[in-house]
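Accompanying notes for the structure given below.
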Amino acid sequence: LQDILEKEVSKGSVTESEVLKSKDYVTPLLKYIVEDFKNSRLMHDDNSMGGMIVAHSTDQAREIFKQAKESYKDMSFALILSDEGSKDERRDSILDFEEEKVDILIVYRMLLTGFDQHRLKKLYLGRLIKAENLLQAVTRVNRTYNNFSYGYIVDFADIKKEFDKTNQLYLEELKEELGDEFERYQEMFVSFEEAEGRIKQIKEKLFFFDTENKENFVY
């Protein structure tokens, strides 16, 4: 996808937005998303999990929806745009998602905040969202659901820099608000590498626990 984007934009005859909404770009993008989504359902043994695609633009969202309906008839998609259909139609699509009649929602700006559907477990980000809107968007998949304790973000927009920046601003704001109490909460904010290291240490310690001997285990 990145090769397609760089190759076409470097020619100078088209803009990035034009490439991102083109059929040549959307086709492999959608193919990857559908395959990844189906594999996730298999991996988690849960066909009820839902997904959401956050498109780069309304034009790209419409192209994704068009191709999805034409090429993936074994799945159900809904397009939710502020200028697409009536308010009642958008509401019906959301209800269909809630009732598991829709597998994947395709959006641009809508439903990124305040959308509380626990079965939404995969979020495919096709555009860069900034500041607190980014944090609110990624937490859409964080509701507990069946055997899921968290959800997944698939990042096509390279959000890491913006995500780290927003987290840091939030941390500074929290520090200022809590004052001396901040030290109690600081442990919540660790890097992925730090969290991974801690989990590894915990697993190593748990590995040697004697769970067969109850008398030993209580100590």
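Scanning region 21-30 for residues that are in contact (Cβ under 8 Å) with a residue 40 or more places away in the chain and in a helix (DSSP H, G or I) returns K23, V26, T27, L29, L30. Within region 47-62, the set of residues being open to solvent by less than 10 Å² (accessible area, probe 1.4 Å) and closer than 15 Å to S82 by Cα comprises V54, A55, Q60, A61. Residue count for region 1-10 satisfying the condition of being open to solvent by 80 Å² or more (accessible area, probe 1.4 Å) and either of a type outside the set (D, E) or in a strand (DSSP E or B) (or both): 3.
For region 65-103, a residue qualifies if it is assigned to a loop (DSSP other than H, G, I, E, B) and under 18 Å from D36 (Cβ atoms), and the qualifying residues are Y72, D74, M75, S76, V102, D103. Listed by position, the strands (runs of 3 or more DSSP E) contained in region 104-208 that have at least 2 residues being free of Cβ contacts under 8 Å to residues at least 40 places away in the same chain are 152-155. For beta carbons closer than 9 Å, sequence separation of 6+ or different chains, a first residue in region 1-20 that is touching a residue at least 60 places away in the same chain (Cβ under 8 Å) and a second that is assigned to a loop (DSSP other than H, G, I, E, B) and not basic (K, R), the qualifying pairs are L1/F156; L20/A55; L20/H56; L20/S57; L20/G126. When residues in region 11-46 are screened for being in contact with a Leu (Cβ under 9 Å, 6 or more places away or on another chain), open to solvent by less than 80 Å² (accessible area, probe 1.4 Å) and more than 16 Å from L125 (Cα to Cα), 1 of them pass.
Conditions (1) at pLDDT 95 or above; (2) hydrophobic (A, V, I, L, M, F, W, C); (3) crowded, with 18+ Cβ neighbours inside 10 Å, marked per residue:
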| site | (1), (2), (3) |
| --- | --- |
| A78 | yes, yes, yes |
| E89 | no, no, no |
| V107 | yes, yes, yes |
| Q117 | no, no, no |
| K121 | yes, no, yes |
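The values are calculated or read from the model by the stated rules, or taken from the named source; none is laboratory data. Since the structure is predicted, the reported quantities are computational estimates derived from the model, not experimental observations. All Cβ positions, glycine included, derive from the backbone under ideal geometry; neighbour counts span all protein chains shown. Surface areas here come from the heavy atoms of the whole protein model, side chains and all, with no ligands, DNA or RNA. Shrake-Rupley method; radii C 1.70, N 1.55, O 1.52, S 1.80 Å.
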